[in-house]
Amino acid sequence: MSHTRPQLLFSITATLLLAGCAGNTLIETPSVYETTETPLFVDVAPALQGDTVEVLYVTDRLPQKVQSGVPAYGSGRSMSSALGVAQVAIEPADGKPDSARKIELMAVDELVRFPETPYFYRVADGGRIEIEPSAIRERESAWLAAREEIVERLALTPKKDVYLDVHGVATEFDKAILDLATFWHFLGREGVPIAYTWPAGSEGLLFYTADRESGEFTILHLKEFLRLLAEIPEVERVHVTAHSRGTDVVITALRELIIEARAGGLDPRTHFKLENLVLMAADIDLEVDMQRIEGEAMAPAFGRATIYTNTEDKALAVAAGLFSSQQRVGSVDLSELTDRQREFVHRTSNLNVIVYDGKGGGVFRHGYYDDPAVSSDMLMLLRYGWGPGEGERQGLQQLDENTWRIDETYWNTARQ
């Protein structure tokens, strides 16, 4: 296929803009730590204290050969996924646990290697699909080892929650680990943090399209891991957070699982223990979202769904141009919703749309959730379960029944 000069120029510009999913700057200290009277680090278990934290990871990145023997993962795809643990050193800037600035990945240890997918199968009577017994045995052995690791970590914290984070394109393994380690630190080191890191970070001008394909590749492995979490009795709640193109990865996997559960007569909300779904800078076409998400009535499968948006998100504007999209979910202009779209938002009682008009929606990054006010809002949602207007989320400006804004008053006051 040939390109005209304007088309080629737009393609090159797009790759530069969409590189904003990566970034190297760690989040600033959430402003809630400077304004709240709520105790933040009073119940940290002794085993979770100190300047080193451990984050579990699940990845289907292809392992790389390194002389040190320490596992490393690039952007290649692996037909089998793995669970491991990463050790991260966090050094408080002024000696206080709520002011982390320096963070470094110290060690990586792959603990469990799951069997390769897809599994061999045969078609039995009545069209039933039977997976090959050897594959079932191999999977069960790996799942048992993974369950034991997760249960052991749950025992260290009074909150029996799992925080599963899924990144966007152009994100390397180390970045995915460090980001979650920082955020979990500010969550008070409660529950078990798990970074689901798929084969993103491809090189070259067409990295976005390559990463986008890898996002489709990883769906099967993500579904398998969510099934595993559902089978662990000790896990009480699962909170899923996703950024940029990772939101499509999460939504696609959850959509298929929800359909599967309902077909089996199960309540997906109860079965998968889905408490919070948080989508940040969602790189999803709005009309596709309405057909696939609202069309399958996904919202009742979560305790609460929260979408953070920014109409000035330049990276999502480029994505909209690339795919001839009218609006992307992460940059949706609420004033341009159709009456029917607006009615669906109103009727989805457990959905909150949080509009952010501050920094971070620019050319080279759209991780505006690392603004101290936005991260504070997320922390109050995930740690304390406060809805907009509750607890210390009083500063949100209500725009409509379930749409809110983090306005100048909210985040300027929070920084004082």
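The values are calculated or read from the model by the stated rules, or taken from the named source; none is laboratory data. Being a predicted model, the structure only gives us computed values, none of them experimental. So basically every Cβ, Gly included, is an ideal-geometry build from the backbone, and we count neighbours across all protein chains shown.
Of the strands (runs of 3 or more DSSP E) lying entirely inside the stretch 116-175, those containing at least 2 residues that are surrounded by fewer than 18 Cβ atoms within 10 Å (Cβ to Cβ) span 121-123, 129-131. Per this entry, residue 116 is not counted among residues that are acidic (Asp, Glu) and either free of Cβ contacts under 8 Å to residues at least 24 places away in the same chain or under 17 Å from residue 192 (Cβ atoms) (or both). Taken residue by residue, the stretch 57-72 has no member that is touching a strand residue (DSSP E or B) at 6+ places or on another chain (Cβ under 8 Å), part of a strand (DSSP E or B), at pLDDT below 80 and acidic (Asp, Glu). Considering every residue within the stretch 38-52, establish whether at least one is on the phi > 0 side of the Ramachandran plot, at pLDDT 85 or above and not in a helix (DSSP H, G or I). Yes: the stretch 38-52 contains one or more residues that are on the phi > 0 side of the Ramachandran plot, at pLDDT 85 or above and not in a helix (DSSP H, G or I).
Just one residue in the set 393, 383 is of a type in the set (Lys, Arg) and modelled with pLDDT of 90 or more; that residue is 383. For the stretch 154-181, a residue qualifies if it is of a type outside the set (A, V, I, L, M, F, W, C) and more than 20 Å from the chain's Cα centre (by Cα), and the qualifying residues are 157, 158. Candidates 318, 345, 288, 329: the one that is hydrophobic (A, V, I, L, M, F, W, C), under 21 Å from the mean Cα position of the chain (by Cα) and crowded, with 18+ Cβ neighbours inside 10 Å is 329. Here residue 245 fulfils each of the conditions (1) under 20 Å from residue 381 (Cβ atoms); (2) within 12 Å of the chain's Cα centre (by Cα) apart from (1). Residues of the stretch 299-345 that are of a type in the set (D, E, K, R) and modelled with pLDDT of 90 or more: 304, 328, 333, 336, 339, 340, 342, 343. Within the stretch 194-208, the residues that satisfy the criterion of being aromatic (Phe, Trp, Tyr) and closer than 16 Å to residue 84 by Cα are 196, 198.
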